[in-house]
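What follows is one structure encoded as structure tokens, with my remarks underneath.
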Amino acid sequence: MKKFAILTSGGDAPGMNACIRACVRSAINNGCEIYGIDRGYAGLVKGDIFQMDTKSVCDIIQRGGTILKTARCLEFKDPAVRKAAAENLRKHDIEGLIVIGGDGSFTGAKYFSDETGINVVGIPGTIDNDLAYTDYTLGFDTAVNTVLWAINNLRDTMTSHDRISLVKVMGRSCGDIALYSGICGGAEYILVPEIPYDIQKIANDIKINRERGKTSSVIVLAEGAGNENEIKTIIQLLTGADLKITILGHIQRGGSPSMQDRMLAARFGVRAVEIMLEGKTNRVIGIKQNEIIDQDITEAMALKKEINKQLYDMAKELC
Ligand code: ADP
Ligand code: F6P
């Protein structure tokens, strides 16, 4: 395996650039040619493929986003489109593809490899941390730190005004951003999609606490765990308190990657190139108990991500 390509796909995540840098530098140092593909599978389909060198990845380790850009490409779900896309790689004699993305990107990569014989290796890049086979995905740590910055600022003003802060964070089906930022930001309530909650009970708790003198609190709400306006109405009605909603949105997806994400990016990138050189396909890279691992894509995707119940219970105890 001497020539391979790299793309970023799905939602961008801080650390993707640091990981592209690691893949490119490691490939070149191992005597390989490496090619970049613009805008994920969309660029693969269009044939936007260009050779990269060590200079192509200068001055990007600290930048959020992805220099290769990313896209959602629905036509890649069509086998005929994937076949045509493989021809674009063959024109350059490219035999392998590194995909940095989430579960959708990995599924596309698996089909692509099975149908075309092009070797694929996946690197988990998503702020959601929603892949069960790995403890962490690239971008999660930075996103949680951004949420923490926001919670700290919100606390200052909410406490001064005896208000309640409802902070809505990303995570449609996975509550990890809410859980980790809630624990580390000292949130009083953490609402995640995986665990049902009773909003009337929460409102009642807040009311009792207010009567005892605790006049301000922070609630972290994951995107998929309920409607912020409905929650606000119930809490205000039952407690008489003033509640302010803050939706952090895409602010969580940007920014300079944290130390953890840069380290993960370097370790994932180097391992992905090793796997390419070994001539393996359909592997995804991950981290388990601080060891870099690789696993078959199908096996990895079959695992169901669950919330860390121990951490969730600990959060409740500390609040
Ligand atoms: P993520 O990789 O972050 O989960 P998406 O689910 O949007 O993000 O997937 C990214 C891209 O991967 C899609 O735009 C599409 O090009 C490709 N993809 C997703 N699911 C499939 C599938 N079932 N078959 C082929 N390609 C897919
Ligand atoms: O998968 C990452 C993510 O940021 C999710 O947390 C969020 O639900 C979604 O992407 C938002 O996607 P888009 O940027 O396409 O609106």
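Heavy-atom accessible area for residue 141, with the other protein chains in place and a 1.4 Å probe, reaches approximately 50 Å².
The alpha carbons of the stretch 49-178 occupy a box of 64, 35, 25 Å along the principal axes, longest dimension given first. The Cα trace of the stretch 122-191 gives Rg and Dmax of 13.3, 48 Å, the first to one decimal, the second as a whole number. Over the chain, dividing the summed -39,500 (n - 2.57) contributions of all DSSP H runs of at least 4 residues by the number of residues returns a 222 nm mean residue ellipticity of -13500 deg cm²/dmol.
Note on the stretch 235-284: with neighbouring protein chains present and a 1.4 Å probe, carbon and sulfur make up 59 percent of its accessible heavy-atom surface.
Could you tell me how many degrees, from 0 to 90 and to the nearest 10, lie between the Cα long axis of helix 103-116 and the main elongation axis, the longest principal axis, of the Cα atoms of the chain? That helix lies at roughly 20 degrees to the long axis. A simple spin-label model places pseudo-atoms 7 Å from Cα toward Cβ; at residue 308 and residue 251 they are separated by 2.5 nm. Where the alpha-carbon atoms of the chain are placed on the principal axes, they occupy 71, 36, 34 Å, in descending order. Summing charges over neighbours of residue 144, with a neighbour being any other residue whose Cβ is under 13 Å away from its Cβ, gives -3 when K and R count +1 and D and E count -1.
When averaged across all projection directions, what area in nm² does the alpha-carbon convex hull of the stretch 187-319 cover? Provide the component values of the computation, followed by the final result.
Details: hull surface 43.8 nm².
Dividing the Cα hull surface by four gives the mean projection, 11.0 nm².
For the stretch 1-102, just run the numbers: alpha carbon Rg, then divide by 2.2 N^0.38 Å, N being how many residues it has. Mind showing how you got there, number by number?
Values: Rg = 13.0 Å, N = 102, 2.2 N^0.38 = 12.8 Å.
The reported ratio for this selection is 1.02.
Counting only Cα atoms, the stretch 154-261 measures 43, 29, 20 Å along its principal axes, largest extent leading. If one computes the Cα centroid of the stretch 194-209 and of the stretch 215-286, what distance in Å separates the two points? The two parts, judged by their Cα centres, are 23 Å apart.
Just to confirm the number: angle between the C-alpha axis of helix 16-29 and the first principal axis of the chain, 0 to 90 degrees, nearest 10? That works out to roughly 30 degrees.
The alpha carbon centroids of the stretch 55-88 and the stretch 123-157 are separated by 23 Å. So how tilted is helix 79-90 from the main axis of the chain? Cα-based, degrees 0 to 90, rounded to 10. Its long axis makes an angle of about 60 degrees. Here the calculated FRET efficiency for residue 291 and residue 237, from their Cβ-Cβ distance with R0 = 35 Å, stands at 0.10, rounded to the nearest 0.05. Mean silhouette area of the stretch 250-319, derived from the convex hull of its C-alpha atoms and averaged over all directions, reads 7.2 nm².
What percentage of the solvent-accessible surface of the stretch 24-124, computed with a 1.4 Å probe over protein heavy atoms, is contributed by carbon and sulfur atoms? Write down the numbers at each step before the final one.
Working: 2210 of 4570 Å².
Percent of accessible area from carbon and sulfur atoms in the stretch 24-124: 48.
Put a dot 7 Å past the Cα of residue 274, heading toward its Cβ, do the same for residue 319, and the two dots end up 4.1 nm apart.
Any idea of the accessible area per residue across the chain, 1.4 Å probe, to the nearest Å²? Walk me through the intermediate numbers first.
Working: 14160 Å² over 319 residues.
Computed with neighbouring chains in place, this is 44 Å² per residue.
Can you pick out the pairs among 2/91; 69/309; 83/304; 110/305; 77/288 whose Cα atoms lie more than 24 Å from each other? Where the Cα-Cα span goes over 24 Å, the pairs concerned are 69/309; 83/304; 77/288. Cα-based values for the stretch 47-99, radius of gyration first and Dmax second, are 13.8, 38 Å.
What percent antiparallel are the DSSP beta bridges of the chain, to the nearest 5? Just about 25 percent of them are antiparallel.
The values are calculated or read from the model by the stated rules, or taken from the named source; none is laboratory data. Predicted, not measured: the structure shown is a model, and the values here were computed from it. Note: ideal-geometry Cβ built from the backbone for every residue, glycine included; neighbour counts use all protein chains shown. Only protein heavy atoms, including side chains, enter the accessible area calculation; ligands, DNA and RNA are left aside. Shrake-Rupley method; radii C 1.70, N 1.55, O 1.52, S 1.80 Å.
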